[in-house]
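**Q** One structure is given below, represented as structure tokens, and several questions about it will come after.
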Amino acid sequence: MSTPKIDFEKLFTDIAAANKVWFNDLLNQQKSVSDNNSPGDVFLEMYKQFFDNTKTYLESQQKFYQSQLSLWQSFIEQEKDQALEEVKKPMDKRFSDPDWENNPFFAYLKQSYLNMSNNLVDFIAKSDMDAGTKERLKFFMCQYLDAISPSNFAMTNPEVIKTVVESNGMSLVDGMKNMMEDVQNGYMSMTDETLFEVGKNLAITNGKVIFKNELIELIQYAPTTAKVHKVPLLVVPPCINKYYILDLQQSNSLVKYLVEEGYTVYLISWKSADKTISKFHWEEYANLGVIKALDVVRKISGVQKINTLGYCIGGIILTTAYLLLQHRKLDWINSMGHMTVMLDHGDPGDIKYFLDRDLLELREAQKHAGGVMSGRIISQTFSALRANELIWNYWITKYLMGKTPQAFDILYWNNDAVDLPVLMHAFLLKRLYINNELISGKLVIDGVTMDLNKITCPVYLFAAQKDHIVPWHSAYMTTKYVKNSDVRFVLGASGHTAGVVNPVSSDKRNYWVNDKIAKTADEWFKTAKEIPGSWWKDFSGWLVHLSGTKIAAPKTLGNKEFAPLVDAPGEYVKAKAMPIAEAHHV
């Protein structure tokens, strides 16, 4: 008796038609219980539009089913045929274990997952929706697909299964211990935090806190050279992170490098928000932070104009402080350096998908009472932008395999969160990220309209090629607005943090330079010269010409008016962020 021949094309068409009927029923049920435009509704509307385009839908479904059938046949036959190879992606770190290829079951599981992922993303691409909605849907669809990867579950990850067998189940026990510790701490640690301590093996460059107010501690670092440049340098870190990313260990400290190059370095250490500063606005950060620090540095050094260097949001605060000083006829800033700073938020990268306007309005409604925005939430948002690397990777190794993460100072710093006043956070999101007011001439701070065209000092701009927080093309846009300045733009390798922390001691990676500022970032890059090693050398070479003659290094720090208070790193940097629930009630 011969086996009847199956008309697969008709079979797939019938299945697709049945799916469409089922979906229409689901859509009608959803409409009866929903009266708002929730993300779920947007996804349903996308699928409705896709189903309505019958030809496109049938073609897509048939391609998907045929691919799945090929995978299943490959699994049954235990061989890698051409159909299996066609749906393979380039090497994915989630599936690096050999069994994802060699074991027929896991090979099928992986390829089926990747095939389904491609199909769902293709649904979005072919839907009849505007480009902005498509981008947002694709982002959150990818977040969902990352979460349901078979590598994230113990019973469908061959490496986890082998670890359980080899450890006689102890890996699961250790994984549960790791999870319970993180639950108690209120966050997922990414490194062995017992190996690090601020003031002992982090932030240990020699210096003194020579000024303190309710918002900042100002650190002056001790010289290590017989002579120093006359013009000092003030460093302004981001207020949503601890400053010691710029002073990690002795081998990768930017502060230590600058001191050894003969610069007198001062640095702002921001206070993590509590009830004493819960009503602070951007104005306080500019006035009590940057401008007050500049005033102190001028009085200690006797120099009228100070070189400055801002990192991330610290660079934005520095820029607004510069414009406030200009309005007040106070010419205090000699030069301004930016490290991964974005003044034009027209394209802020993937972070734009988390700018929930409704949530922002809710925070705005709390203005009359102030409040604290948990640094944990901010940190979690940034981690979600690279979920596979910064969330699921640690979920697998720590919880499913019971391993203790390797020691890594940058990841320790990444978890050492800083709380922010709600008013400051709301200003940052709405006025800068959503409304992009800094470059439109609509932003008013302390009664002064911010006009970037009024920046006249030399400006150094550093961006990182793989930065997911400040896209380098957006950082380059600053060149468009500081037309009256002598501008240098430098592009480094790696991301937002590792791109900045690229010590000369190891001289790894590379950076690109181009003395000519082009109209666009891509035009600039086309003729840029690639240079091996650390960009720190380029910055020092630029700064040295703006730092005056060399003078004898001071034997003591501070002066009579600003006597040293405590040793660096000070007290503010040691404060821990509040638990999320506690921060909401401040």
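**Q** Within the stretch 480-495, does at least one residue satisfy the condition of being closer than 20 Å to L309 by Cα, open to solvent by 50 Å² or more (accessible area, probe 1.4 Å), in contact with a helix residue (DSSP H, G or I) (Cβ under 9 Å, 6 or more places away or on another chain) and not polar (S, T, N, Q)?
**A** Looking for residues that are closer than 20 Å to L309 by Cα, open to solvent by 50 Å² or more (accessible area, probe 1.4 Å), in contact with a helix residue (DSSP H, G or I) (Cβ under 9 Å, 6 or more places away or on another chain) and not polar (S, T, N, Q), one finds at least one in the stretch 480-495, hence yes.
**Q** Just give me the residues in the stretch 246-256 being buried (at least 22 other Cβ atoms within 10 Å of the Cβ) and in contact (Cβ under 8 Å) with a residue 60 or more places away in the chain, in sequence order.
**A** L246, D247, L248, S253, L254 - these are the residues of the stretch 246-256 that are buried (at least 22 other Cβ atoms within 10 Å of the Cβ) and in contact (Cβ under 8 Å) with a residue 60 or more places away in the chain.
**Q** Taking the stretch 141-170 as the region of interest, how many residues are among the small types (G, A, S), open to solvent by less than 10 Å² (accessible area, probe 1.4 Å) and assigned to a helix (DSSP H, G or I)?
**A** Matching residues across the stretch 141-170 total 1.
**Q** Report yes if some residue within the stretch 540-552 is modelled with pLDDT of 95 or more and in contact with a helix residue (DSSP H, G or I) (Cβ under 9 Å, 6 or more places away or on another chain); otherwise report no.
**A** Scanning the stretch 540-552 turns up at least one residue that is modelled with pLDDT of 95 or more and in contact with a helix residue (DSSP H, G or I) (Cβ under 9 Å, 6 or more places away or on another chain).
**Q** Still on this structure: Looking at K208, K134, which one is among the basic types (K, R) and over 30 Å from N252 (Cα atoms)?
**A** Among K208, K134, only K134 is among the basic types (K, R) and over 30 Å from N252 (Cα atoms).
**Q** A further question on this structure: Go through the stretch 284-314 and give me each residue that's open to solvent by 40 Å² or more (accessible area, probe 1.4 Å), at negative phi and outside any helix (DSSP H, G or I).
**A** Q304, K305
**Q** Residue check: is S269 under 22 Å from L254 (Cα atoms), open to solvent by 10 Å² or more (accessible area, probe 1.4 Å) and modelled with pLDDT of 95 or more?
**A** no
**Q** Taking the options S505, S474, S540, S547, name whichever one is open to solvent by 80 Å² or more (accessible area, probe 1.4 Å), over 22 Å from K242 (Cα atoms), touching a residue at least 40 places away in the same chain (Cβ under 8 Å) and of a type in the set (G, A, S).
**A** After applying the criteria, what remains is S505.
**Q** Condition first: under 24 Å from T549 (Cβ atoms) and open to solvent by less than 10 Å² (accessible area, probe 1.4 Å). Now tell me which residues in the stretch 196-238 satisfy that.
**A** Hits for the stretch 196-238 are G207, I210, Q220, Y221, V228, P232, L233, L234, V235.
**Q** Is there any pair linking a residue in the stretch 523-536 that is touching a residue at least 40 places away in the same chain (Cβ under 8 Å) to one that is among the basic types (K, R), with Cβ under 8 Å and at least six apart or on different chains, and which?
**A** Note: pairs meeting the criteria are W524/K516.
**Q** Residues being closer than 28 Å to S383 by Cβ and open to solvent by 50 Å² or more (accessible area, probe 1.4 Å): count how many of those fall in the stretch 508-537.
**A** 2
**Q** Give the number of residues within the stretch 315-332 that are crowded, with 24+ Cβ neighbours inside 10 Å and outside any helix (DSSP H, G or I).
**A** So the count comes out to 0.
**Q** Of the residues that sit in the stretch 379-406 and are modelled with pLDDT of 90 or more and among the aliphatic types (A, V, I, L, M), which one is surrounded by the most Cβ atoms within 10 Å (Cβ to Cβ)?
**A** Filtering first and then ranking leaves L400.
**Q** If a residue must be closer than 14 Å to M188 by Cβ and in a helix (DSSP H, G or I), how many such residues does the stretch 395-433 contain?
**A** Count: 10.
**Q** Moving to a separate point now. From the list I410, I455, which residue is aliphatic (A, V, I, L, M), modelled with pLDDT of 90 or more and either open to solvent by 40 Å² or more (accessible area, probe 1.4 Å) or touching a strand residue (DSSP E or B) at 6+ places or on another chain (Cβ under 9 Å) (or both)?
**A** One residue alone meets the criteria, I455.
The values are calculated or read from the model by the stated rules, or taken from the named source; none is laboratory data. Predicted, not measured: the structure shown is a model, and the values here were computed from it. Counting neighbours? That spans all protein chains shown, and the Cβs are built from the backbone with ideal geometry, glycine included. Remember, those area values only see protein heavy atoms, side chains included, never the ligands or the DNA or RNA. Shrake-Rupley method; radii C 1.70, N 1.55, O 1.52, S 1.80 Å.
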